[in-house]
Amino acid sequence: MGINKNSIMLLIALVFVFCNSTISYAETNNRKIDIKYNESVTIDLKSGLELQVANADNSSYKILNEGEVLYVEQVSQGIIEKVHIENNYLLVESRLLGSGSYVSFDLFYLEDANLIDIYHSTDFTRGIVTYENNEISVTYPKYVENDESAESSSLEVQTFKLSDQQIVLGDKTIEKVETKSMMKSNDFNNYKNPSASEINKMITEAANAKGIPPEILKAIAWQESTWRQFDTNGSPITNLEGDGGFGIMQITLPKSYLSDHPEVEHQLKYDIKYNIQKGAEILLEKWNLAANPLAETALPIINNGSKDKLENWYFAIMAYNGRSKVNDPNLGPETYQETIYRHIQNQGLLSVTPIDKNVLDLYYKPNSTTIYFGNKLNYNIPGPLTGTKQSFKKGQVLPTTSVVNLREHPEGELIRGLEKGEPVLVTGEKVYPSSEYNHYVLYPVKTRDGETGYVASSYLGSKNSFLDFSSPDNRGFEEVSALAEQEIIGGFSDGTFRPTETLTRVQAALMFVRALNLPTPDVPETGFSDVKVGDNFYREIAAAKEAGIFRGAGGKFNKSDKLTRSEMAAVLVRSFEIKGSSDKRFKDVPAGHQFESAIQTLYANNITSGINDTEYGFRKEITRRDFSILLYRALAKYN
């Protein structure tokens, strides 16, 4: 998968500092050579032929004859794991980094100083390759529907026979296997898995800490291990071969790395929190591959690249498992990433808009099964897009997205069904269901009628709302909702917006600072005699003064005074440096008044048209709703 560049305890780093060693192997005819991660080796083959291997996050090997390159192979996001030499056959075994641990092999024949290219295998999920007596066998899990990645129902063995410089596909056998939960345990520690609610909480917190939608990390953990760190005997969950794929997230590291870092293997096996955190870090590493579009390993960006949207993680989820042809949706049955989204729908109760596989522009290099994306690195999904529902905070008011049950306790008696679009106030911290089949969380809420209870996160909208301003029929609903979504405007602690209340000067200053993203450093003085350092919002008031938005009167800010519609015009024009003029005259605007030109500028730009055809409402105090409408229009035009 990958070692995080910020910790020597992680597997494959994007930048992992080692001094590459070059090891030469003398020529013998029958050899098996294990190659470590981040190791460069030169292997003498015969008659001047040599194999050079360079292992890293992106590995490669080449075969040369007296310095002339005969063959080159790159393994993106993978390593060359083993080299087998027997009876003049050369077998190079590669493994992709990821929970899928896909193995493939390339076969050549060495004839004096010549190289004969014979065969390039497909990818085998978690495959183990053996080569002996001119027979190659690959053992790999055979999955059926609902198998988790850690335990398959059976093993499949594919054999290949070599003869006269040719390879012949041999028998394919299926071996029934006992799952690890059925086997006698050799681990006498008898570890136990935490409860489902504890695991749900661990994954949610680890995901939110990394900016990953918890729904995605939970679905990956479900596919990899069905939320288990230990089997029923108390032994750590590993793959069937027991040499990798550790724990709840099935963290898969190069064997050579584990040999050099046994403490990492131990922690991955026995510390479930550590295992989850590493899974989150690896998934985030895959997401960050989109940050360097010039790199060969770059992943595409979906839409605007917002981490909040579940659809945007499609390629990172694929890479978590491995960039294998197996995960190409145009080539076969359900891919890993499609399986993850299916779990989100079934266990998380969220529908995700699928990516149209027909628009994907994937390609492969000759003789390679690794997916590359360089032809197209930006995709747009028309939507609707699904945001995470597990990061809501106390105090948010959210609309229900469908009819949903309001329960007395998290899993208690039904109070009533809430209607679609009905707003609820989040009153506390999330609660985690007791069943491992429920991947959502529950929020304590209060309705506008004062009822309290719990609702499932999956049925709450991601847009902020207000208990008293939740209907699209409300004038200004679109504008207020947009500003609330951007956290420019907030409501009151009881979840209300109070659209008809008038706006104070300090409330307006706060909204401008948020809308314009003004810096609010500590200051020795605010610029107003009635606002002292240490007062509530003194930094924001000072920032508005510094930006020239508010000038005050007589050296005072008068923060509790109500903002008039004429003052609003002036501060709005100053904030966005709006230009323009009009010959429109409102009968209640004094000719030559200092705010007259600002009012005409807003009128010229279609930001305001007055309270009627002839009056502007010059001395009227502006309401929270009307200010929000005008600020939204200015932001849409000039920000």
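The values are calculated or read from the model by the stated rules, or taken from the named source; none is laboratory data. Being a predicted model, the structure only gives us computed values, none of them experimental. Because the Cβ atoms are built from the backbone with ideal geometry, glycine has one as well, and the counts that use them run over all protein chains shown. What goes into the accessible areas is simple: the full protein's heavy atoms, side chains included, and nothing from ligands, DNA or RNA. Shrake-Rupley method; radii C 1.70, N 1.55, O 1.52, S 1.80 Å.
When ASN146 is tested against (1) crowded, with 22+ Cβ neighbours inside 10 Å; (2) within 24 Å of ILE237 (Cα to Cα), exactly one condition is not met: (1). Residues being open to solvent by less than 30 Å² (accessible area, probe 1.4 Å) and within 19 Å of ILE488 (Cβ to Cβ) are represented in the stretch 547-555 by at least one member. Here GLY580 clears all of (1) surrounded by 12 or more Cβ atoms within 10 Å (Cβ to Cβ); (2) on the phi < 0 side of the Ramachandran plot except the condition numbered (2). Please indicate, with yes or no, whether at least one residue in the stretch 21-41 is among the aromatic types (Phe, Trp, Tyr), modelled with pLDDT under 90, in contact with a helix residue (DSSP H, G or I) (Cβ under 9 Å, 6 or more places away or on another chain) and in a loop (DSSP other than H, G, I, E, B). Looking through the stretch 21-41, at least one residue is among the aromatic types (Phe, Trp, Tyr), modelled with pLDDT under 90, in contact with a helix residue (DSSP H, G or I) (Cβ under 9 Å, 6 or more places away or on another chain) and in a loop (DSSP other than H, G, I, E, B). Hey, does the stretch 65-74 have a residue that's modelled with pLDDT of 90 or more, touching a Ser or Thr at 6+ places or on another chain (Cβ under 6 Å) and either closer than 26 Å to THR252 by Cα or in a strand (DSSP E or B) (or both)? Yes, some residue in the stretch 65-74 is modelled with pLDDT of 90 or more, touching a Ser or Thr at 6+ places or on another chain (Cβ under 6 Å) and either closer than 26 Å to THR252 by Cα or in a strand (DSSP E or B) (or both). Every condition in (1) open to solvent by 30 Å² or more (accessible area, probe 1.4 Å); (2) within 22 Å of ARG323 (Cα to Cα); (3) of a type outside the set (S, T, N, Q) holds for ALA113 except the one numbered (2).
Failed condition for ASN558, given (1) on the phi < 0 side of the Ramachandran plot; (2) touching a residue at least 40 places away in the same chain (Cβ under 8 Å); (3) touching a helix residue (DSSP H, G or I) at 6+ places or on another chain (Cβ under 8 Å), with all others met? That leaves (1) as the condition not met.
Yes/no per residue for (1) farther than 21 Å from LYS62 by Cβ; (2) touching a Leu at 6+ places or on another chain (Cβ under 9 Å):
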| site | (1), (2) |
| --- | --- |
| GLN74 | no, no |
| TYR89 | no, yes |
| SER101 | yes, no |
| ASP106 | no, yes |
| GLU111 | no, no |
| TYR119 | no, yes |
| PHE124 | yes, no |
| GLU132 | yes, no |
| GLU135 | yes, yes |
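For the stretch 352-383, the tally of residues that are at positive phi and open to solvent by 70 Å² or more (accessible area, probe 1.4 Å) stands at 1.
For the stretch 507-517, the criterion of being closer than 17 Å to THR427 by Cα, charged (D, E, K, R) and either open to solvent by 60 Å² or more (accessible area, probe 1.4 Å) or in contact (Cβ under 8 Å) with a residue 60 or more places away in the chain (or both) is satisfied by no residue at all.
Within the stretch 583-605, the set of residues being open to solvent by 40 Å² or more (accessible area, probe 1.4 Å), farther than 20 Å from THR623 by Cβ and out of contact with any helix residue (DSSP H, G or I) (no Cβ under 6 Å at 6 or more places or on another chain) comprises ASP583, ARG585, LYS587, PRO590, ALA591, GLY592, HIS593, GLN594, SER597, ALA604.
In the stretch 397-426, the residues that are open to solvent by less than 80 Å² (accessible area, probe 1.4 Å) reach residues that are part of a strand (DSSP E or B) and of a type in the set (D, E, K, R) with C-beta atoms within less than 7 angstrom, at least six apart or across chains, in these pairs: LEU406/ARG416; ILE415/ARG407; VAL424/LYS446; LEU425/LYS446. Residues in the stretch 231-286 that are outside any helix (DSSP H, G or I), on the phi < 0 side of the Ramachandran plot, at pLDDT 90 or above and polar (S, T, N, Q): SER235, THR252.
Can you find even one residue in the stretch 412-423 that is more than 25 Å from ALA219 (Cα to Cα), in contact with a Pro (Cβ under 9 Å, 6 or more places away or on another chain) and part of a strand (DSSP E or B)?
yes
Of all residues in the stretch 611-638, those satisfying the criterion of being open to solvent by 20 Å² or more (accessible area, probe 1.4 Å), closer than 22 Å to THR502 by Cβ and free of Cβ contacts under 8 Å to residues at least 60 places away in the same chain are ILE611, ASN612, GLU615, ARG619, LYS620. Checked against (1) open to solvent by 10 Å² or more (accessible area, probe 1.4 Å); (2) of a type outside the set (Asp, Glu); (3) assigned to a loop (DSSP other than H, G, I, E, B), GLN52 meets all criteria but (3).
Looking only at residues of the stretch 384-396 that are modelled with pLDDT of 90 or more and under 20 Å from the mean Cα position of the chain (by Cα), we find that the one that is most open to solvent (accessible area, probe 1.4 Å) is LYS393. Taken over the stretch 118-133, the criterion of being assigned to a strand (DSSP E or B) and not aliphatic (A, V, I, L, M) is satisfied by TYR119, HIS120, PHE124, THR130, TYR131, GLU132. Scanning the stretch 89-108 for residues that are part of a strand (DSSP E or B) and either of a type in the set (A, V, I, L, M, F, W, C) or open to solvent by 40 Å² or more (accessible area, probe 1.4 Å) (or both) gives LEU90, LEU91, VAL92, LEU96, VAL103, PHE105, LEU107, PHE108.
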